[in-house]
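The values are calculated or read from the model by the stated rules, or taken from the named source; none is laboratory data. These numbers were taken from a predicted model, which means no experiment stands behind them. With ideal geometry, Cβ positions are generated from the backbone for all residues, glycine too; neighbour counts draw on all protein chains shown. We work out accessible area using only protein heavy atoms, side chains counted, and drop any ligands, DNA or RNA first. Shrake-Rupley method; radii C 1.70, N 1.55, O 1.52, S 1.80 Å.
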Amino acid sequence: MKKLGMLLAVGLLLASAAATAQTPMRIRGTITSLDGDVLSVKTRDGKDVKVNLAPNYGVAAAKAVTLTDFGPGAYVGSTAKKNASGQLVASEVHRLPPQAAAGHTPWDSAPGDTMTNANVAKVVKASGGNELTLEYKGGSQTILVPDGTPIVDFVPGDKSLLVPGATVFMGAQVAADGKISAGRVAVSKDGVKPPQ
């Protein structure tokens with residue numbers, strides 16, 4: 001009887017853990033509405049999603065900057081893809097919050113894209129742009145940043161920026177019941193869009 005009780009308790013714990021398990025999701029798209037703390041977004045692939053914003057959610061507004069605004073040690077991310085000669089070429093560079101995981105991984109913005117989250121080691125002028133060397137624990141990447149590549153920093157914003165037509169990027173969580181939630185929204189401002 002004691003064994004049966006123990007099995008039931010373990011089963012309830014596992015069921016509870018499964019019910020609270022959440023899957024990470026990246027949301028890129030355009031705001032269609034904000035109703036209370038529910039943000040409706042039309043994603044890049046045409047889906048309509050509703051995101052439940054945390055009670056104390058943060059808003060970060062995109063701001064155009066240059067690579068010189070990211071001094072040595074700045075923590076940044078860069079979406080890049082290898083060219084025909086095998087060199088990584090950036091499609092954007094942006095500042096990262098400290099909690100973003102460092103490293104070099106595949107990225108889902110387009111086929112073949114990678115994301116490097118790391119500290120700026122150096123920036124060297126190169127033909128047609130700059131070479132950006134990023135260092136993270138266990139490795140480094142040198143990325144060509146062509147002239148004209150979007151370079152984005154973020155400044156504190158508020159919910160007044162969450163208007164229909166604004167472009168957003170969010171790292172969200174999907175619960176077992178399909179409910180999507182997020183604690184931070186990166187949003188466009190003055191025509192500057194967060195990296196997609």
If one computes the Cα centroid of segment 152-196 and of segment 26-40, what distance in Å separates the two points?
8
What do you get for Rg/Rh over segment 81-123 if you use C-alpha atoms and the Kirkwood form of Rh?
0.96
Taking the Cα-to-Cβ direction at Asp69 and at Lys179 and moving 7 Å from each Cα, how far apart do the two end points lie in nm?
3.7
Roughly speaking, to the nearest percent, how much of segment 51-194's 1.4 Å accessible area is carbon and sulfur?
55
Output the 0 to 90 degree angle, nearest 10, between the alpha-carbon long axis of helix 2-20 and the longest principal axis computed from the alpha carbons of the chain.
40
What does the charge dipole of segment 60-196 about its Cα centre add up to, to the nearest 20 debye, if the Cβ of each Lys and Arg holds +1 and the Cβ of each Asp and Glu holds -1?
100
May I ask for the percentage of alpha-carbon pairs in segment 21-174 that lie more than 18 Å from each other?
62
Reachable aspartates and glutamates, given that their alpha-carbon falls under 17 Å from the alpha-carbon of Lys63 and they are not under 8 places away in the same chain
Glu92, Asp153, Asp158, Asp190
When the helices in the chain are scored as -39500 (n - 2.57) per DSSP H run of 4 or longer and the sum is shared across all residues, what 222 nm value do you end up with, to the nearest 500 deg cm²/dmol?
-3500 deg cm²/dmol
Long-range amide H partners of Asp113 with built H, under 5 Å:
Trp107
Per the rule of 0.36 nm per residue minus the C-alpha distance, extending Thr105 to Ser160 adds in nm 16.4 nm
Solvent accessible area, Å² - Leu88, 1.4 Å probe, full protein context
10
Kindly identify segment 115-196 as rounded, prolate or oblate by the Cα gyration tensor criterion: order the square roots of the eigenvalues as a ≥ b ≥ c, call it rounded if a/c is under 1.5, otherwise compare a/b with b/c, prolate if a/b is larger, else oblate.
oblate
Would you mind getting the accessible area per residue of segment 76-133, heavy atoms of the protein chains only, 1.4 Å probe, in Å²?
49
Please compute the contact order of segment 140-196 in relative form: average sequence separation of alpha-carbon pairs under 8 Å and at least six residues apart, divided by the residue count, as a percent.
33
Quick one: length gained pulling Arg44 to Ser140 fully straight, 0.36 nm per residue minus the C-alpha distance?
31.5 nm
For Lys50, the lysines lying under 23 Å Cα to Cα, once residues fewer than eight places off in the same chain are dropped, come out as Lys42, Lys159, Lys179, Lys189, Lys193
Rank Ala175, Val185, Ser127 by how far each Cα sits towards the positive end of the charge dipole of the chain (+1 on Lys, Arg Cβ; -1 on Asp, Glu Cβ) and give me just the farthest.
Ala175
Considering the chain as a Gaussian network with a 10 Å cut-off on Cα pairs, which listed residue, Ala166, Ala84, Ala54, attains the greatest mean-square fluctuation?
Ala84
Would you calculate the separation in nanometres between label points at Lys81 and Ala126, each defined as 7 Å from the Cα along the Cα-to-beta-carbon direction?
1.7
